[in-house]
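Here's the structure we're looking at; comments come further down.
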2 protein chains.
Amino acid sequence: MAKETKNTLRDSVYSSLKAMIVTGQIPPGSRVTESDIAAKLNVSRTPVREAFNRLERDGLVTGRPRQGYVVTEFDISMFREAFEIRELLDGHATELAAAVATEQDKARLRAILTECERLAAIPDRTTREKFQELEAGIDLHRVIAQISGNVMLHGMLCGILDKCQHYVWTELLWLDEWKIARDEHAEIVDAICAGDASRAGTLARAHVRGSRDNVLRLLQAKSDYQSFLAKAS
Amino acid sequence: MAKETKNTLRDSVYSSLKAMIVTGQIPPGSRVTESDIAAKLNVSRTPVREAFNRLERDGLVTGRPRQGYVVTEFDISMFREAFEIRELLDGHATELAAAVATEQDKARLRAILTECERLAAIPDRTTREKFQELEAGIDLHRVIAQISGNVMLHGMLCGILDKCQHYVWTELLWLDEWKIARDEHAEIVDAICAGDASRAGTLARAHVRGSRDNVLRLLQAKSDYQSFLAKAS
DNA sequence: ACACTCAAAATTGTATACAAGATAGCATGC
DNA sequence: GCATGCTATCTTGTATACAATTTTGAGTGT
């Protein structure tokens, strides 16, 4: 069941698990046991353990000694923290990217935008196509960070995005506000292509703040609804 | 030889190794083998492997499949990247800290400053005492990040500081410029205690830039000297 | 003296066996 | 009916055996 037989089993187990968590196939709060995963992937527990270690370091699962691992659940405050950091890092990365982007880089960004528009324009599109659009939108930020040239910055931003992504998949997917992000993405790419670092940075920071407000509002509403249900029962 | 028998061997191996790397006992570029560490710590290879996985995720060691692990060597560009990120994160953390610090927090910061001054004032001090002052100076930043209340921010900053620390120990130790940092630290703590978030942030960012310039100048000089030696031979 | 080949040693990757601790369920006593 | 304690089971923690791969070094041929 391992997607691709890479160099080591540990790596492919890690990739498989990470993909399953990030896409929400294994939802937050799920208990994951070494034996189950090992059996499912037809490997021994050893590579699974090592994959778990790395995932724990990534913050995707949390484990307490001798009590097993659980897919990390984000609460509202963790989201607030994550977006606060993203505003700093993403803003800076976008500034840098605008300053150093080559023509090839710019073409790459425009291609992602085009793909987003194409997916958005499909009438009566499937869930899968919605997923793809969201994925591409997140990827835009990853690519911008990569273009910035600061490898460490790129790595840290990817880490944060991974951690938040499964919530985007499962929650944000149904929000119409997403089309706002589409416009903002286009503006950011414009600024980068124009080489206007300052404007690109400002737009990126505003974009992250906007996303944060949307996500937090949704989570708050959900939390309120759940406590309402709890009180009613 | 494991310093403290904690809950799990993996954790104590991780702590021991991390301490040895961060303090420079195992210098950057050293090859570390599982068997050696396992023998040295009187444990089997299994917990050592898991510790290595975590250390690799921390960026303290780098390993290629079937080729073993090496304590990560920082080149100049990696330092530049790290300090660029620190300027963002440290600046923001300091702003936050100034906004939310309680009296207890402020006392904690002042205590660290006092300790630094005490250690700095010792005449003919030992290397150990110099170490302790540097350690305290770095700890100040960790505590500020903790006071900020953003747990993720604190974690990320600690990660960066850990990665750079062994260089501070082995290189920066001999720089007189360190006493500049002492004054700047005092100013930052002053601003935090005064609740002046904007000033605290500005000072912190300038401080990180200053540290960066010092470190980069030193590393550049060292690199130049080494290429001079190479040419001469 | 140099290069190439092959084998042996060292090192990591994986599997499995066993130990220790935690959880859950059942039985027992009140 | 409820609480408490025990046991059985499940899960992780550790050690060790074995497989696979890389590196190193000796030896041979030119």
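Just a yes or no: is a residue in the stretch B:99-118 free of Cβ contacts under 8 Å to residues at least 24 places away in the same chain and either of a type in the set (K, R) or within 14 Å of chain A (Cβ to nearest Cβ) (or both)?
yes
Scanning the stretch A:42-74 for residues that are surrounded by 17 or more Cβ atoms within 10 Å (Cβ to Cβ) and of a type in the set (S, T, N, Q), which turns out farthest from the chain's Cα centre (by Cα)?
A:N53
Each row is one residue, and each column tells you yes or no for (1) away from DNA strand C (no atom under 14 Å from the Cβ); (2) not in a helix (DSSP H, G or I).
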{"site": "B:N7", "(1), (2)": "no, yes"}
{"site": "B:A19", "(1), (2)": "yes, no"}
{"site": "B:G24", "(1), (2)": "yes, yes"}
{"site": "B:P27", "(1), (2)": "yes, yes"}
{"site": "B:V48", "(1), (2)": "no, no"}
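If you go through the stretch A:21-41, how many residues are buried (at least 18 other Cβ atoms within 10 Å of the Cβ) and more than 10 Å from DNA strand D (Cβ to nearest atom)?
Selection size over the stretch A:21-41: 5.
Residues B:S77, B:S35: which one is assigned to a helix (DSSP H, G or I), over 16 Å from the mean Cα position of the chain (by Cα) and within 16 Å of DNA strand C (Cβ to nearest atom)?
B:S35
Just give me the residues in the stretch B:177-216 being more than 18 Å from the chain's Cα centre (by Cα) and modelled with pLDDT under 95, in sequence order.
B:D183
The values are calculated or read from the model by the stated rules, or taken from the named source; none is laboratory data. Just so we're clear, the structure is a prediction, and the values are computed from it rather than from any experiment. Cβ sites come from the backbone with ideal geometry, for glycine too, and all protein chains shown count toward neighbours.
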